[in-house]
Every structure is written in structure tokens, then in C-alpha cells.
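Peer 1: One structure coming up, written as C-alpha cells, with questions to follow.
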Amino acid sequence: MSAISQQTIDHRGPDFAAVGLKALNGLKTIFKTEEHVFIYPASGTGAWEAALVNTLSPGDRVLMFETGHFATLWKKLAEKLGIKAEFIEGDWQGGADPDQIEAYLAKDTSHEIKAVCVVHNETSTGSVSPIAAVRKAIDSAKHPALFMVDTISGLASLDYQHDAWGVDVTVSGSQKGLMLPPGLSFNAASAKALNANKTAKLQRSYWDWAEMLGPNQTGYFPYTPATNLLYGLNEAIDMLHEEGLDNVFARHARHGAAARAAVRHWGLEVLCATQGQESGVLTAVKMPDGHSADAFRASTLEHFDISLGNGLSKVADKVFRIGHLGDFNDLMLVATLAGVEMGLKKADVPHEEGGVQAAMQMLA
């Protein structure tokens, strides 16, 4: 916040180049890529649209996997753009299934499917898709489709490797693991994706990568950037490297495991049922039958001043979500879980006491 509050400078002036270049180059270290990363003054939804309009044409088929609410929203956005989005249905209790994706692509012998779109960390469910395995599935099917990944809530919290995992377009945003306010979104684009941009026919202006490439070489943008958020982004990247990315990922994994230990001790159920795909970013908790998640959340907010995430669309009023990402430590997690446990008791939700202690034992 201190970095963001600095005096705004002229985004066409000579001093801005250092700010822009540091942000553009610094993001490459977070995405783990040598390719170009585009920065937009927009939410993650804008980055979703940018990924699609820069690489696809009207009527193109794309394959998506129903991991949860945000995968569904990406599909709806694609359809509004005139793209034929096809869903592999999921149960919202795990990540994308590489075997199903491979089987689907293997049937597309004429290669009409132009892209495969997967959500890395599904914020609505607390599940993580095995991105490297999905890449292997696409390759095993010998399919030329572009591979696009949404890691809006995964980047800088979970290990992510744009280049090594063979992703063509990665989508992310500022307000999760990068610890910033909302307002910045990103596309990391492979050489294959940049080549697709040259022939893509979907209309674009604000989102056009081609307009960005030239100015970005010297640290500038073709239109007004979110200057003060870029100050914050540069500070956030420095903070992540000061801790060390591997340490950041390990911390999130520990917090996810401790949160799940508490939930299971309470006798409640973690929504993500696929072992090994549970998220270190957040934990979605299923409410017992006959109990309203939203009523519980409202009671907990009123009595203990703790705000828990709500269930979205298919799981509305059925789950609540505990976030444990970004600038977060053991003490903050224990306090959060204590608030949840007191909230369960206050709302008369059936549970076994001692979940906080189970989490503390795991953290120790």
C-alpha cells in the first residue's frame, strides 16, 4: 500500500520506462516464462477475453472442463464472443481430468477444436487441476489445439510453470497471490499463441496484443496504464522473491493441509474430494444437510467479525470458503479457524470441538 501511494508520474515521461520494464520483466519470473507477458488495467475477466479474442476466430470450437463456477463463467464469455465452447462435465469436487480431455481430443481427427481451456485453481471449489498432465494429454492425442490456463487465484500461491508445462496462454490477475487490490490482469503468451494472433479474426482493439508489443519493448503501453498499481506490483514481486517462491508455495501447502485437518476434525467435509488436488489457496467446506451456509456465514460475521467466502451457483448456500492465501501466516490461519469454530458453535452447526487444535498440531 505504501508503494501504491507514491506520486503518480507521467506514463509517457522518461522515468516511467523503468517502472514498466520492471513490471513486465518481473512478471516473467512469477509465471516462470521467457515469453511475453501482457498487462491490462482490468479484472481477470478482461484477461479471459483477451486470451480468446487474440487467438481465435468466430465459430471456432474450444474445449473446456467444468471444474466449477469460474470455468462456467469463462465458457459463457466465450459463447458471447461467438465461440463454440464445449464442456466436459465435472462434479465440482476435483480438477480437470487429463484422461477425459485426451479421449475427447482423440475423437477430433479433423482438428476442429482450436483451444483447450482449463482453470488451474478453481476458486469456487478449492480444487487444483494438474496442468502438466493436461499438456501431456493434449500431446498424447497428437492435437494442435492451443492450451489456455486460468491461474487467476493460483499464481504466486501455487507452483506454476508457463514454459515448462507447455501452456500457450496463461490468464491471471492482481488481487490474489500477488497481494494487490483488484485492477490488473495478465496474459502470458507463447510464440505459438503470438503466431495465432496474426490470423485470429475475432474483433479486438483494447485487448490487442499486437498493439502492446512495440511499446512494451521500452516499458511503455499503447494507452494509459494503472500506474500506481504497477508500483505495487513491482513491490509485490520483490516481496515474493525475498521469501523465495518455493517457500511461498510450501507455506500455502502447509496452510491448506492445516485447514483441512481442522475441517475434518470438526466432522465436516471438504468439497474437493480428489486427493492431491486440494488447494493451498482456499478450502471450501460443505455444510451438514439442513444447515444454511449463508446463515452460518452471516452469524459468524455478526458475532466474530470474520468474513467467509460464499458458495457460488451450483453450491450456493451449501458451502463456505476459508481463504488462506497471499500475505498470510500461521497465526492468521489459527485465528481464522478459531473464528470458524466459534461460529459453528454459535450457529448450532453439528461439529466436534478441537479443530483448531488439530490444525495447530499439524502446523507445529
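Peer 1: Check whether at least one residue in region 223-230 is crowded, with 21+ Cβ neighbours inside 10 Å, of a type in the set (Phe, Trp, Tyr) and outside any helix (DSSP H, G or I), and report yes or no.
Peer 2: no
Peer 1: Can you pull out the residues in region 266-276 that are in contact (Cβ under 8 Å) with a residue 60 or more places away in the chain and surrounded by fewer than 20 Cβ atoms within 10 Å (Cβ to Cβ)? Even if it seems obvious, please write down each step before you answer.
Peer 2: Step one: of region 266-276, the residues in contact (Cβ under 8 Å) with a residue 60 or more places away in the chain are 266-268, 270-274.
Matches in region 266-276: 267, 273, 274.
Peer 1: Pick from region 271-328 the residues that are part of a loop (DSSP other than H, G, I, E, B) and among the β-branched types (Val, Ile, Thr): which of them is nearest to residue 180 (Cα to Cα)? Lay out the reasoning, then the answer.
Peer 2: At the first step, the residues of region 271-328 found to be part of a loop (DSSP other than H, G, I, E, B) are 271-277, 279-281, 287-292, 305-308, 311-312, 316-318, 324-328.
Within this subset, residues satisfying the condition of being among the β-branched types (Val, Ile, Thr) are 274, 281, 306.
Numbers: 274: 30, 281: 15, 306: 20 Å.
Checking each candidate, the answer is 281.
Peer 1: Would you tally the residues in region 281-322 being small (Gly, Ala, Ser), on the phi < 0 side of the Ramachandran plot and surrounded by fewer than 21 Cβ atoms within 10 Å (Cβ to Cβ)? Spell out how you get there, then give the answer.
Peer 2: Of region 281-322, the ones small (Gly, Ala, Ser) are 284, 290, 292-293, 295, 298-299, 307, 309, 311, 313, 316.
Checking the rest, the ones that are also on the phi < 0 side of the Ramachandran plot come to 284, 292-293, 295, 298-299, 307, 309, 311, 316.
Subsequent filtering for residues that are surrounded by fewer than 21 Cβ atoms within 10 Å (Cβ to Cβ) retains 292, 295, 298-299, 307, 309, 316.
Counting residues in region 281-322 that are small (Gly, Ala, Ser), on the phi < 0 side of the Ramachandran plot and surrounded by fewer than 21 Cβ atoms within 10 Å (Cβ to Cβ) gives 7.
Peer 1: Determine which single condition residue 262 fails, assuming it passes every other condition in (1) crowded, with 22+ Cβ neighbours inside 10 Å; (2) without any contact (Cβ under 8 Å) to a residue 60 or more places away in the chain.
Peer 2: Tallying (1) crowded, with 22+ Cβ neighbours inside 10 Å; (2) without any contact (Cβ under 8 Å) to a residue 60 or more places away in the chain, residue 262 fails exactly one: (2).
Peer 1: Quick one: which strands (runs of 3 or more DSSP E) sit completely within region 122-210 and have at least 3 residues that are in contact (Cβ under 8 Å) with a residue 24 or more places away in the chain and more than 24 Å from residue 94 (Cβ to Cβ)? Spell out the reasoning first.
Peer 2: Working: elements: 146-150, 169-173, 185-189.
Answer list for region 122-210: 185-189.
Peer 1: Across region 307-337, what is the total count of residues that are under 29 Å from residue 242 (Cβ atoms) and not hydroxyl-bearing (Ser, Thr, Tyr)? Working first, answer last.
Peer 2: As a first pass, look at region 307-337 and keep what is under 29 Å from residue 242 (Cβ atoms): 307, 309, 321-337.
If we keep only those that are not hydroxyl-bearing (Ser, Thr, Tyr) too, we end up with 309, 321-335, 337.
Final tally of qualifying residues: 17.
None of the figures in this text is laboratory data; all of them are computed from the coordinates on show. Predicted model only: the values in this text are computed from it and were never measured. Reconstructed Cβ throughout: ideal geometry from the backbone, glycine too, with neighbour counts over all protein chains shown.
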